[in-house]
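Novice: Here it is, the structure in full.
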Amino acid sequence: MSEFDAERWRPAPFLPEADAKDGSLIFVVATLCFLACLTLLAVLAADRAARGWTGHLTNEATIIVRPKANETPDGAAARAAEALAGVPGVVEARALEKEKAEALIAPWLGDAADLEDLPIPRLVSVLLDPETPATGEALDRALKAQGLDAIVDDHSVWMKDIERAAGTARVIGGAVFALIAIAAGAVVAFATRAGLAARREVVEVLHLSGAEDGFIAGLFQIRFARMAATAGLFGAGAAAIMGAVLRFAGGGDGLTPVLPIAWIDLLAVAPAPLAAAAVAAVSARLTALALIRDMM
Amino acid sequence: MSRNTHAAGAFDADPAVVRFDDVSMRYGRAPETLKDLTFSLAPGSFHFVTGASGAGKTSLLKLIFLAARPSKGLLHLFGQDVSAIAPREQPFLRRRIGVVYQEFKLLEHLSAFDNTALPLRIAGRKPESYRQDVAELLAWVGLRSRMHAMPATLAGGEKQRLAIARAVVNRPDILLADEPTGNVDHEMGLRILRLFVELNRLGTTILIATHDQDLVAASGMPVLHLDEGRLTQLGAGGEA
Ligand SMILES: Nc1ncnc2c1ncn2[C@@H]1O[C@H](COP(=O)(O)OP(=O)(O)OP(=O)(O)O)[C@@H](O)[C@H]1O
Ligand SMILES: [Mg+2]
């Protein structure tokens, strides 16, 4: 307490600093951020998985050829492959050998070797141009033109299923994300209310000294936004570490095929501290404004 | 002086800084605490409000610093009807009113210097523009060696003078002081009175609520006396 030097004086914060070190609030917001980031990573990974699967399926079609009475199965398959190869958008059409066709149905019919005479349908595998794939109808028309009895499976049924599943995952992810954001907002609103009640006398003096409601609310807004940003940093950091561990542990055939997390995905958690701060700021401001108007 | 001239000039329809017209006030559903008050305070005037404990002195001041509303009658502040002032305008009106609260209302987490600077910061002034003035004001109220001190470490009389410094630091047009000598000995009471007289000479309108008859006598200033919420004596300077 030596000589006071006004030149060196810096204004102290209007609200007691100690209030800002609320460990439990930081922990709760950090946990919520962590969960939100994990949700985000899961949605990104599910999306990538779905895109990988549909990507494979769009590049391929399978044609089942049923030989007519006057034709051998192999002959029909060969004719079908020839007809399909000429369709624009088809890169390659290949008749599968009898053995392959038999192998495919073996699980259902058992060893078909002694069913030599059974007219087993032959399969033609078609590789499509990924840029301009031939449509199922185009393939169908080409086969019909050759008078072939065949069924085109362009995998569109599967793809729709996968797309629907991926869409559902996105919606659920979005809903969980929104729920977590609302929970974070509610926690901050709760903390703001407690903070205002605890500092009622400070709020009153500021108010009576001519501070505008928005100014007082701003003090709480900044305080909680900062706190949430710090918490968000912890939460997002923990989620990124978790994602990195999954990426490592996943390796070639671990989790990766199911939930393929890419290193780049880890960047998606970067805006989390900002998002947490924004949610906290809005929540604290609205709560504080309403309470100050009530109090005064 | 210039600020009061300005205040009067801006609302020259009504030169009074404060005007009560048949004002009553009650807390919630309780009976009226203040009943049919009519008086006005001219710019640059100096008045005391006296009365027994519970007579309504603090309540009267609350009406003026906009912490309470009349339940009846008309109250004008700086020529404006307070019931017609928009909420967003009120903070700016409050900045023209300095208040020494009966219970001080110092902020415990702020030093004496920071407490004093509070109204200036709220008014949006830059620290460079007032640091030196705040230091001088604190020296003037005898707290030169206590500028760093936290309120909890101050003696009653020191807190009182700190509260006074905060009330006057923004050069208010009107200063309201509630029992400003309640916690100090006679000597200190007279020092505080000299401080108010000095401020009044600089043009500030002053209204002091007190029990302290010695203080009133020593000042020779006019008195508004409250008896159970009614005004029973009007000072010569505050003609109704
Ligand atoms: N916030 C309040 N709510 C309800 N009643 C109140 C409130 N404040 C004061 N009163 C009542 O109003 C009356 C006047 O109180 P006020 O504080 O104005 O008196 P005072 O003259 O300042 O007294 P003192 O000299 O003890 O400070 C009292 O009966 C008191 O009980
Ligand atoms: Mg009182």
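Novice: About its Cα centre, how strong a charge dipole does the protein assembly as shown have in debye, to the nearest 20, once Lys and Arg get +1 and Asp and Glu get -1 at the Cβ?
Specialist: Values: 53 positive and 61 negative charges, 443 e Å.
Here the protein assembly as shown has a charge dipole of around 2120 debye.
Novice: Still on this structure, I have one more. Put +1 on the Cβ of each Lys and Arg and -1 on the Cβ of each Asp and Glu in the protein assembly as shown; which of B:Y101, A:L41, A:H56 then has its Cα farthest toward the positive end of the dipole?
Specialist: B:Y101
Novice: While we're looking at this one, here's another question. For the stretch B:164-169, what does the Karplus curve 6.51 cos²θ - 1.76 cosθ + 1.60, with θ = phi - 60°, yield as ³J(HN,Hα) per residue in whole Hz, taken in order and with x for Gly and Pro?
Specialist: For the stretch B:164-169, the Karplus-derived couplings read 5, 4, 5, 5, 9, 4 Hz, x marking Gly and Pro.
Novice: Could you point to the residue in B:T210, B:V141, B:G51 farthest towards the positive end of chain B's charge dipole, with +1 and -1 charges on the Cβ of Lys/Arg and Asp/Glu respectively?
Specialist: Toward the positive end, the furthest listed residue is B:V141.
Novice: For A:V91, enumerate residues with amide H under 5 Å from its amide H, sequence gap 5+ or separate chain, H modeled in the peptide plane.
Specialist: The answer is A:L127, A:L128, A:D129.
Novice: How crowded by other chains is B:115-125, given as the mean number of beta carbons from other chains within 10 Å of each beta carbon?
Specialist: On the way: counts 2, 0, 4, 8, 6, 2, 6, 10, 3, 1, 0.
If you average over the peptide's residues, the count of other-chain Cβ atoms is 4.
Novice: What ranking, highest mean first, results for peptides B:186-197, A:200-211 when packing means the other Cβ atoms within 10 Å averaged over each residue? Mind showing how you got there, number by number?
Specialist: On the way: B:186-197: 16.9, A:200-211: 20.8.
Descending mean neighbour count gives A:200-211, B:186-197.
Novice: Would you mind putting B:111-118, A:173-180 in packing order, based on average other-beta-carbon counts within 10 Å, highest first? Walk me through the numbers on the way to the answer.
Specialist: Values: B:111-118: 25.2, A:173-180: 15.2.
Descending mean neighbour count gives B:111-118, A:173-180.
Novice: Enumerate the calculated ³J(HN,Hα) couplings along the stretch B:172-178 in order (Karplus 6.51 cos²θ - 1.76 cosθ + 1.60, θ = phi - 60°), each rounded to whole Hz, writing x wherever the residue is Gly or Pro.
Specialist: x, 6, 9, 10, 10, 10, 9
Novice: Rounded to the nearest 0.05, what FRET efficiency do A:T168 and B:Y27 have when you use their Cβ-Cβ distance and R0 = 56 Å? Don't jump to the answer; show the numbers that get you there.
Specialist: Working: r = 60 Å, r/R0 = 1.07.
Efficiency for this residue pair is about 0.40.
Novice: While we're looking at this one, here's another question. Given R₀ = 41 Å, what would the calculated FRET efficiency be for B:E103 paired with B:Q132, taking r from the Cβ atoms and rounding to 0.05? Working shown, then result.
Specialist: On the way: r = 30 Å, r/R0 = 0.73.
It comes to 0.85.
Novice: Report the extension gain between A:I182 and A:R200 in nm, rounded to one decimal, defined as 0.36 nm multiplied by the number of residues separating them, less their alpha carbon distance.
Specialist: Details: separation 18, 0.36 × 18 = 6.48 nm, distance 2.63 nm.
The span from A:I182 to A:R200 would gain 3.8 nm if fully extended.
Novice: Would you calculate a helix-derived [θ] at 222 nm for the protein assembly as shown, using -39,500 (n - 2.57) for each DSSP H run of n ≥ 4 and dividing by the full residue count, to the nearest 500?
Specialist: Working: 16 runs with 268 residues, N = 536.
That calculation yields -16500 deg cm²/dmol at 222 nm.
Novice: So what J values fall out for the stretch B:112-120 if you push phi through Karplus, 6.51 cos²θ - 1.76 cosθ + 1.60 with θ = phi - 60°, rounded to Hz, Gly and Pro as x?
Specialist: 3J(HN,Hα) across the stretch B:112-120, in whole Hz: 4, 5, 5, 4, 5, 6, 3, x, 6.
Novice: Find the relative contact order for chain B and round it to a whole percent, using C-alpha pairs within less than 8 Å whose residues are 6+ positions apart. Working shown, then result.
Specialist: On the way: 462 pairs, mean separation 71.7, N = 240.
Once normalised by length, the contact order is 30 percent.
Novice: Where does helix A:213-250 land angle-wise versus the long Cα axis of chain A, in degrees 0 to 90, nearest 10?
Specialist: 40 degrees
Novice: Please give the residues of the stretch B:94-118, grouped as numeric ranges, whose backbone N is less than 18 Å from a label point set 7 Å along the Cα-to-Cβ vector of B:A152.
Specialist: From the stretch B:94-118, the list is B:104-115.
Novice: For chain A, what is the relative contact order in percent, using Cα pairs closer than 8 Å and at least 6 residues apart in sequence?
Specialist: Working: 392 pairs, mean separation 88.9, N = 296.
Relative contact order here is 30 percent.
Novice: Along the positive direction of the dipole of the protein assembly as shown (beta-carbon charges: Lys, Arg +1; Asp, Glu -1; about the Cα centre), which of A:A6, A:L25, B:Q233 reaches farthest?
Specialist: B:Q233
Novice: Now for a different question. Under the classification rounded if a/c is under 1.5, otherwise prolate if a/b is larger than b/c and oblate if not, where does chain A fall, given a ≥ b ≥ c as square roots of the Cα gyration tensor eigenvalues?
Specialist: Details: a/c = 4.44, a/b = 3.79, b/c = 1.17.
Prolate shape, in that a/c is at least 1.5 and a/b is the bigger ratio.
Novice: For B:A209, enumerate residues with amide H under 5 Å from its amide H, sequence gap 5+ or separate chain, H modeled in the peptide plane.
Specialist: The list, which skips near neighbours in sequence, is B:V49, B:A177, B:D178, B:E179.
Novice: Then there's this: Sorting A:E137, B:E89 by accessible area (1.4 Å probe), largest first, what list results?
Specialist: On the way: A:E137 125, B:E89 95 Å².
I get A:E137, B:E89, largest accessible area first.
Novice: Okay, next question. Within 10 Å of each Cβ of B:101-110, how many other protein chain Cβ atoms are there on average? Intermediate values should be presented prior to the final figure.
Specialist: Working: counts 3, 0, 1, 1, 6, 2, 9, 3, 10, 7.
Taking all residues of B:101-110 together, the mean is 4.
Novice: Further question on the same structure: Output needed for chain B: three equivalent-ellipsoid semi-axes, defined as square roots of 5 times the C-alpha gyration tensor eigenvalues, in descending order, whole Å.
Specialist: 28, 21, 17
Novice: Starting from the Kirkwood Rh over alpha-carbon pairs, what translational D in µm² s⁻¹ does the protein assembly as shown have by Stokes-Einstein at 4 °C and 1.567 mPa s?
Specialist: Numbers: Rh = 30.2 Å.
It diffuses with D of about 43 µm²/s by this estimate.
The values are calculated or read from the model by the stated rules, or taken from the named source; none is laboratory data. All figures in this text were calculated on a predicted structure; none of them were measured in a lab. Methodologically, a virtual Cβ is constructed for each residue, glycine included, from the backbone with ideal geometry; neighbour enumeration extends over all protein chains shown. Note: accessible area is taken over every heavy atom of the protein model, side chains too, but ligands, DNA and RNA are not part of it. Shrake-Rupley method; radii C 1.70, N 1.55, O 1.52, S 1.80 Å.
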